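First the structure, in the form of structure tokens, and then the observations on it.
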Amino acid sequence: MTAASPADDRFHPPAEDHPLWTETSWYGFSLPERRLAGAIYPLFRPNLGTCSVGVHVWDDSAHEPWRVLYSRCLWHLPMPEGDLDDCEMGGLALRCLEPLSRYRVRYADARIALDLVYEGLAPPHALSVDPARGHLDQACRVSGRLELDGEEIAVEGFDMRDRSWHVRDDMRTTRAGYSYAIDGDSALHAMSMGGDDDGAIVAGFELRGGSPCDLVGGERRVTERDPAGGFPRRVDLTAHRRDGRNVAARGTCLSRFAFQATPGMFAWISLVEWEVDGRRIFGADQDIWSPDLLGSRSGASVHSERA
């Protein structure tokens with residue numbers, strides 16, 4: 001598998017002239033003791049000359065975008081001047097401090113100010129890296145501050161950043177999961193596809209003592225959903241490492257956010273307390289659906305509770 005290079009911290013020239021050629025950059029953060037989590041999500045469509053900025057902060061008091069602690073998504077911003085390793089748009093400033101390793105993320109408006117530094121625990125894990133399509137995930141130590149409605153909150157913990165570039169068609173059908181647990185130099189990350197509540201793990205990694213091992217299979221299973229809202233309450237992972245070892249994780253969702261990432265992609269993003277091989281680790285789970293599945297008979301079980 002091709003490794004990431006410093007060039008992957010910058011924009012990738014569109015591999016084709018499709019208007020929905022898309023590049024994304026995701027940064028998560030959390031304060032588990034407050035059941036608080038956040039996401040910073042710029043998305044770029046250079047063939048259209050536009051980008052968007054989404055910033056969201058939530059806790060267990062609400063999950064709707066209009067009721068959570070903070071949620072704003074600015075669409076149809078012009079592409080920023082400069083490159084992705086040092087750019088500003090819509091109140092968001094991104095800067096690469098050290099290639100493939102350290103990043104500073106700042107955002108501010110009248111209600112909120114964020115200033116966070118992400119430091120990779122290991123080099124980015126590459127699902128794929130080529131001119132037409134790429135996806136990188138990196139477990140990070142996150143430090144800095146959040147000021148929200150006049151309250152100053154120190155941020156110190158662990159979370160994920162990821163990157164992608166490919167044609168993201170808003171009309172495609174998607175059912176997926178994106179789950180992770182991070183603590184010090186340990187991390188578990190699993191990407192799954194398909195199923196209503198049972199998805200096959202198709203990629204990911206486990207990091208132990210700074211040494212990563214690819215995941216080559218397994219299952220993500222939503223074992224309990226809220227009977228009214230449909231969001232996950234408990235999630236189990238059974239992951240198969242390339243070296244033949246299995247990893248088991250059981251997750252309890254502490255809070256969640258109803259996130260419409262793009263017109264074609266919705267996710268329940270949950271702050272999760274995981275038990276990974278007997279260790280208590282915090283992280284997240286993204287329960288990903290396209291709207292056509294949520295609204296169809298095949299997605300009806302999203303509103304059921306699983307034992």
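What follows draws every value from the coordinates through simple rules; no lab data is involved. If you're wondering where the values come from, they're calculated on a predicted model, not measured in any experiment. Note that we place each Cβ from the backbone using ideal geometry, even for glycine, and neighbour counts take in every protein chain shown.
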- Given 12-19, 122-129, the highest-first ranking by average Cβ count within 10 Å works out to 122-129, 12-19
- Query: What order, most packed first, do the peptides 86-92, 3-9 have when packing is the mean number of other Cβ atoms within 10 Å of each residue?
  - Reply: 86-92, 3-9
- Between Ala3 and Thr50, how many nm apart are label points set 7 Å from Cα along the C-beta direction? 3.9
- Task: Please state, rounded to one decimal and in Å, the Kirkwood hydrodynamic radius that the chain gives when every pair of distinct Cα atoms enters the mean of 1/r.
- Result: 19.4
- Item | Globularity index of region 39-136, i.e. its alpha-carbon radius of gyration over 2.2 N^0.38 Å | 1.19
- Calculated from DSSP helices alone, with each H run of at least 4 adding -39500 (n - 2.57) and the total divided by the residues of the chain, [θ]222 nm to the nearest 500 comes to 0 deg cm²/dmol
- Note on the structure: Given backbone amide H placed at 1.01 Å from N, residues whose amide H is under 5 Å from that of Asp86, ignoring those fewer than 5 places away on the same chain, are Cys96
- Task: Rounded to the nearest Å, what's the spacing between the alpha carbon centres of region 201-277 and region 138-185? Just the number, please.
- Result: 14
- Burial-style ranking of 38-48, 57-67, 146-156, average other-beta-carbon count within 10 Å with highest first, yields 38-48, 57-67, 146-156
- Task: For Arg208 and Glu224, compute 0.36 nm times the residue count separating them, minus their Cα-Cα distance, and round to one decimal in nm.
- Result: 2.9 nm
- Calculate the all-directions average of the projected area of region 37-93's alpha-carbon convex hull, and give it in nm². 4.2
- Query: How far apart, in nm, are two points set 7 Å out from the Cα along the Cα-to-Cβ line at Arg172 and at Leu20?
  - Reply: 0.8
- Note on the structure: About its Cα centre, region 80-172 carries a charge dipole, from +1 on Lys and Arg Cβ atoms and -1 on Asp and Glu Cβ atoms, whose size in debye to the nearest 20 is 300
- Message: For a Förster distance of 25 Å, can you work out the FRET efficiency between the beta-carbons of Arg34 and Asp277, rounded to the nearest 0.05?
- Response: 0.40
- Message: Whole percent per 5 Å bin, from 0 to the bin with the longest distance: what is P(r) over all C-alpha pairs of region 87-193?
- Response: 2, 10, 16, 19, 19, 16, 12, 4, 1
